Every structure is written in structure tokens, then in C-alpha cells.
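For reference, the structure is listed below as C-alpha cells.
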Amino acid sequence: MNIKEMPKKYDAKEQEENIAESWKKNQTFCFEKDNVDKPIYSIDSPPPTVSGKLHIGHAYGATIMDFIARYKRLKGYNVFLPIGTDDNGLPSQRLVEKIKKIKAKDMPKKEFIKICNEVINGPEGIREKYLDDFKKWGISVDWNINYSTIDKHSRKISQQHFIELYNIGRAYRKDAATMWCPLCQTAISQVELCDLEKEALFNDIVFKIEEEDLEEKFTISTTRPELLPACVAVFYHPTDVRYKKYQGKKATVPLFNFKVPILEDERADPDKGTGMVMCCTFGDQTDIEWQKLHNLPIKVAITDDGKLSSLAEEYQGMDVNKGRKEIITVLKEKGLLVNQTKIKHTVNVHEKCNTPIEFLQSKQWFIKYLDLKEEMLLWSKEFNWIPEFFRSRYNNWVNGLGWDWCVSRQISFGIPFPIWYCKSCGEPIFAKEKDLPVDPSVDKPPIDVCPNCQSKNIIPETDVINTWATSSLTPTIAKELIKGHDTYDLLKDTPMDLRIEGHDIISFWLFNTVFRSKIHNNQIPWKNAINTGWILDKKGKKMAKSVGNVIEPQEIVGKYSADIFRYFSATYKLGYYIHFNEKELINGKKTITKLYNATKFAYSHLEDYEPNKEDLETLSGIDAYMIHKLNNIITSTTKNNENYDFSKTLSEIDLFFWKEVCDNYLEIVKDRLYNPEKRGKEKRKQAQATLFVLFKDILKMYSVIVPFVTEYLYDFYFISYEKENTIHKTSYPTTYDVDTNENKIKQIIEIISFIRNYKASKNLSLKTEINKLEIETKEDITNIEKDLKACMQIKEIALVKLESPDYKTESFKIKINL
């Protein structure tokens, strides 16, 4: 490009689109699959869940990840950065149902899966829109190494690893009480629970003891009278003297008139309610424990769609809330409800839909890991946490685990379990590894006869594998994409370098990935884990569509630009909550405009300059000082970047660029650049050499954060002097060998700053001429006297003894004579 062709203004929208397309077309960020001589830096990039639009959290996390990838390339690494999407499971199924206004349960499974694949993974599907957003944001992934968690590659790995878990005794199927979402009509795991505070009524209900030797009444307190049909026992604490006389007796359940045993158990709280509590199968975790310990019967009062079962008699078919109201009404009428108290309590809800969960008896597949809690706590010490304080969140999650991992889901769109069963004896029959991936509802079983009972009645498993059980294998899924290439052997047996994710999925993705990697590979999945904070609205509230405070990254990029959003993302420290402030976007816009204009100015004075290394050896005065200051910024930003502290990097580059370069240096050297005949060609050349180095390295340092404008500016000039056709394949700046009297130059810059402030205080233009500047100093200012005169419009500088200066420091005094 010709410098003279540079537009007056930078059109970010047009140029970002062109540059992003050229990066993709030229495969700028391709991983060199067969280059074993270059050090590899590998990133386990988070596959966003395809459940709508990519939100601001996705954009922020992906941008931070990209800062690291771009920096590492500039440092000479062969960066392995695949792109994936998590596009199966309940979130994707619900999205398709919403878009198409259909329900999976109302149509053949095969037909519904076909629709899901078209909507999500078709040529015009949602996945393509996700990938297009990543391209627009300048995320430098390798587009040739990509996966979807429902594609053939991922299905094979997921099924393969599930079979491995079964073979080593870590996967098992059990008919047990399971956490269940009545709305989504599927089993869920502990990690998918959220706590929601809700108002409720504590109901004191009358139970009767009607035996030959005793006729009495007592009350129990419950928020869930609709579970009365499933009551199997009543408990009190062994030390509660009020109820000791009831030991061994039976109580009659009100309305339903069947008898249940009255038992002792230390988990009954004497101070809660009346101290007497009913056990229903199942109201909560304690009910499950009581049922097992006391060998109580299992009575199912709630169906999988959240309705009351036939046990509820006249209330059968009512949803839970309606059934509760009806039962309370009848209890009141019959005098069996003696008191109600309004309370607020915490309810476990499904994080996908906020529906209160139930505990239903059903056959599910589990992954066994409760026996490893002590080892899990040690695993968290084997990799670095950024920030470190998030390690405690992992540890708290492990300490709070109360269930093995339920991984079976009763939905249509997901990876099938590679299993068939003998209908006669229940023997599981697993697919052969060579046949993976399989769909048992379509594919034939590997054998025709049950090896256990010789029955030929073989049926397929219809459940699917929870999507987190697949996405917890992303390091393996990504590495296996380059199998057969030379770098595969370097990657497959070593932890990846980095995982970056939102802190809210530590218990989902991070924990399960660590578990899977240690179990399958006996190693940690990565060496470093970065956890980002949430972006909140300006009032500090979490963004939610229901609140109407969502800010979509697509709108920000459309209104401003991708570089400006990236600049915004770099202003905040990792791991902390971010209060969205449009002011930071404005600051980003100003910086990019300033960078364009200042670089354009520098280029206009470099057209006749041919750089060589010897030029830097002749620098002195302000020129040498600027290279010295540049060295400091190169050293500090390198350190910051190695520590993933890009907010500090941006702050330091900004301060150097705006204050040292634009406010001071450019103003000081303008006279030399514009008037070589007066100041001398050699002085102009020294200024040119300094400009060349400054702007080359400033663009490189900024390119990590604002890659589009820096690429655009690089193409106009520096591309001719670097070996690479893109700034993003050059090298991160290293320091230069220069000598300078830093203290002396600092004095001159301080003098310039004072004169500017002085003129501003007198409402004078910066171009207002100063007749005489009197200075008292011990420093030799000969080398910079002419620059100072030209920069501040000074006719004469006199070195004198000053008794009443306008401004003074320990090193100098000055007086201005207009």
C-alpha cells in the first residue's frame, strides 16, 4: 500500500470485515501440524453451548483467550487453538423446540433429531452464526481444526470413553432415587441444581394414632402436603421426650387413611416445626437416606411430568402446585390443618428452567466418583489457578458433593449410550470399539444372543449421555483432530497449556474435565486455568433477558467495532466482576482514532527513510530517551502478558503512547521533521529512526489487543520491512541497546508540561510565542535546547540564577517572559 493512499479516517466496520475474511482465507492462524521444531502452546478453547445467541460473557472470555493466543504467536509459539461448539443436549433441544414450535415428545425421535441437525448444524444453522461471530470478533482460531460435540468424531470419543469407564468399574446403572426436572422430563445431576429462595407455607397437619392401647393426635410440619400419599414413616429424634411414648406405634396418614411406622432417627430436628417429621419417597435427600437405612417401601406420588400419581386418588393428574392447594383446602375443611406459617426457604431448581426438582425412582447411568473426594482436592494443586482464589470454589464443590454423577438423560437430541439390553435378564451389551459411533435405536447390536441367559430379545438403550460428559473430554476431542500428524505425539501425552472459562462453570466443565483426564489419562488436562468474571450492568446486576438489561456483543461491535470491544475487555482484571461502562468503549474509540492518526503522521515522515540498525547507535537526547522508555514498556508488558495481566499491559501501553509519544515526543520532533534545512538532515534522520522503532513496536504491542487496526496500519508501511505478510506473525518487541541521561530528559519534559499548563492558565494558545525562558539548572541542556525552543515556541533560552522563579524543582528553576 502507498502511504499517500491512506484514508483521512479509519473505517473500522469496512476494514474489520475485510481483514477477518482475509485471515480466514489465508489461513493466517493455522496450527502447523507437522512442525515439531517450534514450541507448541495449546489452548483448550471453551465450546459455547448452542442455545441462542452468543452473549457478552462468551465474547469477553473468547477475547481474553485470543489476547493470549496472539501474544504467544508473537513470542514464537506454534499455537494450537481449535474451535468447537457444544451443540447437543437439553439446551440445544429446547432451542429447537422453541424455534420450530414443536415438542420432541410429540414426534418420532429420528425425525426430531433430523430437525435439530438442520437448525443447528445446517449450512444456514445457528452454529455457523456462532462461528461467524467469532470471526467478527477477531478470535484467531484455526478454522481447519474444529468440532461439534454432536459430530461423528465427538460421538465416537464420548462413547469410547464411557465404555472405558464401565470396564474399569466407574460407570454403573442403578434403579434409584434420582434428581428429576418435571418440566424438561429428564434426570439431572447435582451440578445442574441452583438454589432459589421462595415463599412457602409451613403447614401443621394432624396425624392420629389409633391403636387399642393408645388414641392420640400429634402434628407434623411440612411445606409439601401433596406428598402425603407417599408417606412411608414418621420420625422423631431419639432424645425428644415428647414422642418417646410413640415408639413402635403406627400413625394414620390424614386424608389417605393408611398407617405408617413411627421411628426414631437423629436426623429429625426437635427444634424444627413440631419436631415430628414425615418421610415421603421422595421429598429430599434425607428421605432417600431414611428409606435406605430403615428399608422402607417406595411409593411414587409424582409422575415424571410433575403430576400427582394414582396414589393421590381424587387428586390424580393435578400438577404439584394445584394438588398442594386442593389438599390444603380439604385438610382445613376436615379440621386436620391446625396452623400455617409463612416462611422463606431455599428450593433446589433446575438451572436450565428454574423448575423445582423432584426425586423420582428410576433407572439411570451414573459415573462413580464420591470415593475420590480426597484425591480430587489434591488434583486442584497440580495446575495453576488464575486468579488463585478460584481454587477454593473448586474445593468447596468437591467437599459438598453428595451424589455420584448421573449422566443419563431422557431426551431426544444427544449422544446415544452405546448399549443394548437383554429384555429378559437386563444384561447390558456394549458396542464394539471398531463400530463406534453407534445409535442403538438404529444400529443392530454386536451380538444376537444374550451371553448371560441366551435370550434373543435384545432392546436398545433410549437415553442419551449428558452433554457435560462429552464436553468434559474437549482436550482429547481437540487433540485427536490432528492424529496422524507429527505434532500429535507431542500433544497427546502432555497436558495442554491453558483452559479459559467463566467462573460459573468451575463445577460443571472444569471439575469434570479434571476428573475425566485423571481417570482416563492419569494426568491433569492443562497446566493453567483462567477463570473470568461476569459482566454486570452498570448498576452491578447480572444481565438477564427477563430484567431487560442484556447488552449483546453483536450490537456493541455493530455500533463501535470489534477492536473497541476488545479494548473494553482488556481494561478489566481477570476473575473480577465487571460493571459495564460505555465510557470504556468511548476510550477505546479515542485510542484507536489516535493510533491511526499518529501512525499516519509518522508514516508521512518515513517515506524517504531507509532503516538500518546503525541509526540507533547515533541517537542522543530525547531520541535515546524515548527508546529507553520503550525498552521499559517492552520489558513490563512482556512480564504482564506472561502473567496474563492484559489490563496492566493496556494501561502501560496507553500511558506511554498517549503521554510520552503523542503529547511529548511528536511535539518535540516536529520542527526537526518539517525543517531539515534548518535543523540538519542528520537530526531529522535520528527522529525518523526513533519514529520507525517506536511505531513498529507500539503497533506490535497493541496488536495483541486491537488486531484489526494494527493489521491495517502494518499493511501500509511496515510490511515492506518485515518478513511476514501479517503483523500477527512477526515477533514481539525486544529491548534495544541505547545510552541516555534519563534524569535530564525527564526535566525537559517536566518543563514542557509546566509551560503548557502555564499557557492554559493564561488562556493562551499553545502556539503563543515566549520571548524568553530563563532556566537555572546544573544539567547540560545543549542537545535538546533547539527541540525545546521549537516545541514550545520559545525565542530565547537563558541559563541564569533565579531568585523568584515561576516554577521550581530540586533540579531546576524556570521563569517565563512572554
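With 19 Å as the limit, write out which pairs from K110/K434; K683/K767; K594/K670; K217/K322; K8/K700; K217/K334 have Cα-Cα distances beyond it, or answer none.
Over 19 Å apart, Cα to Cα: K110/K434; K683/K767; K217/K322; K8/K700.
Specify whether the C-alpha gyration tensor of segment 56-174 places it in the rounded, prolate or oblate class, a ≥ b ≥ c being the square roots of the eigenvalues: rounded for a/c under 1.5, otherwise prolate if a/b is larger than b/c and oblate if not.
oblate
Can you work out the Karplus-derived ³J(HN,Hα) for every residue in segment 598-605? Use 6.51 cos²θ - 1.76 cosθ + 1.60 with θ = phi - 60°, whole Hz, and x for glycine or proline.
5, 5, 4, 4, 4, 4, 5, 9
For the chain, which cysteines have no disulfide-compatible partner, meaning no other cysteine Cβ under 4.7 Å?
For the chain, the answer is C30, C116, C194, C231, C279, C280, C353, C406, C662, C791, because their Cβ atoms have no other cysteine Cβ under 4.7 Å.
Give the long-range amide H neighbours of Y807: residues separated by 5 or more places, or on another chain, with amide H under 5 Å away, using H modelled in the peptide plane at 1.01 Å from N.
Under 5 Å from the amide H of Y807: I814.
In percent, what relative contact order does segment 495-540 have, based on Cα pairs under 8 Å that are 6 or more apart in sequence?
Computed over segment 495-540, the figure is 57 percent.
Compute the separation of the alpha-carbon centres of segment 755-801 and segment 399-464 and state it in Å as a whole number.
86 Å
Determine the dipole magnitude for segment 1-73: charges of +1 sit on the beta-carbon of Lys and Arg, -1 on that of Asp and Glu, nothing else is charged, the reference point is the Cα centre, and the result goes in debye to the nearest 20.
With Lys and Arg at +1 and Asp and Glu at -1, about 180 debye.
Could you tell me which residue out of I627, G588, G548 lies farthest along the dipole of segment 519-631 toward its positive end? Charges go on the beta carbon: Lys and Arg +1, Asp and Glu -1, centred on the Cα centre.
G548
Output wanted: per-residue J couplings in Hz (rounded whole) for segment 368-380, from phi through Karplus 6.51 cos²θ - 1.76 cosθ + 1.60, θ = phi - 60°, x for Gly and Pro.
7, 8, 4, 6, 10, 4, 5, 5, 4, 5, 6, 4, 5
Just report the Cα centroid separation between segment 95-146 and segment 148-176, whole Å.
23 Å
Could you list which residues have their amide H under 5 Å from that of Q361, counting only those 5 or more apart in sequence or on another chain, with H placed in the peptide plane?
It is T178, by chain and number.
Using a probe of 1.4 angstrom, how much of the accessible area of the chain is carbon and sulfur, in percent?
Heavy-atom surface of the chain belonging to carbon and sulfur, 1.4 Å probe: 46 percent.
Only Cα pairs under 8 Å and at least 6 apart count here; give the relative contact order of the chain as a rounded whole percent.
In percent, rounded to a whole number, it is 14.
Select from segment 714-781 those chymotrypsin sites (Phe, Trp or Tyr not before Pro) which occupy a DSSP coil region and have at most 15 other Cβ atoms within 10 Å, ordered by residue number.
Y721
Please turn the phi angles of segment 621-626 into ³J(HN,Hα) values with the Karplus equation 6.51 cos²θ - 1.76 cosθ + 1.60 (θ = phi - 60°), one per residue in order, whole Hz, x for glycine and proline.
3J(HN,Hα) across segment 621-626, in whole Hz: x, 5, 5, 5, 4, 5.
Only Lys, Arg, Asp and Glu count, each charged at its Cβ (+1, +1, -1, -1), so figure out the dipole size of the chain about its Cα centre, rounded to 20 debye.
Around 1380 debye, computed over the chain.
Where does segment 265-377 land on the Kirkwood hydrodynamic radius, alpha-carbon pairs, in angstrom?
Taking every pair of different Cα atoms in segment 265-377, averaging 1/r and inverting gives 17.1 Å.
Could you order the peptides 467-480, 602-615 from most to least packed, using the average number of other C-beta atoms within 10 Å per residue?
467-480, 602-615
Which of the pairs K103/K538; K639/K729; K25/K98; K381/K589; K75/K613 have their Cα atoms more than 32 Å apart in this structure?
Pairs exceeding the cut-off: K103/K538; K25/K98; K381/K589.
How much accessible area per residue does the chain have, counting only protein heavy atoms and a probe of 1.4 Å, in square angstrom?
Value for the chain: 45 Å² per residue.
How much accessible area does E774 have with a 1.4 Å probe, in Å² rounded to the nearest 10?
The accessible area comes out at roughly 30 Å².
Please report the Cα spread of segment 178-275 along all three principal axes, rounded to whole Å, starting with the longest.
49, 28, 24
May I ask you to rank R679, R94, R672 by accessible area, largest first, using a 1.4 Å probe over the protein chains only?
R94, R679, R672
May I ask you to order 781-789, 10-18, 499-507 by the average number of other C-beta atoms within 10 Å around their residues, highest value first?
499-507, 781-789, 10-18
Using a 1.4 angstrom probe with every protein chain in place, what is the largest-first accessible-area order of R267, R224?
R267, R224
Hey, any idea what the orientation-averaged projected area of the convex hull of the chain's Cα atoms comes to, in nm²?
If you wrap the Cα atoms of the chain in a convex hull and average its projections, you get 46.0 nm².
Would you please give the residues with an amide H less than 5 Å from that of C279, counting only those at least 5 places away or on a separate chain, with H modeled from the backbone geometry?
V232, A233, V234, F235
Which distance in Å, rounded to a whole number, links the C-alpha centroids of segment 194-214 and segment 304-351?
11 Å
The values are calculated or read from the model by the stated rules, or taken from the named source; none is laboratory data. Predicted model only: the values in this text are computed from it and were never measured. As a convention, Cβ positions derive from the backbone with ideal geometry for all residues, glycine included, and neighbour counts pool all protein chains shown. These accessible areas exclude ligands, DNA and RNA; they are computed on the full protein's heavy atoms, side chains included. Shrake-Rupley method; radii C 1.70, N 1.55, O 1.52, S 1.80 Å.
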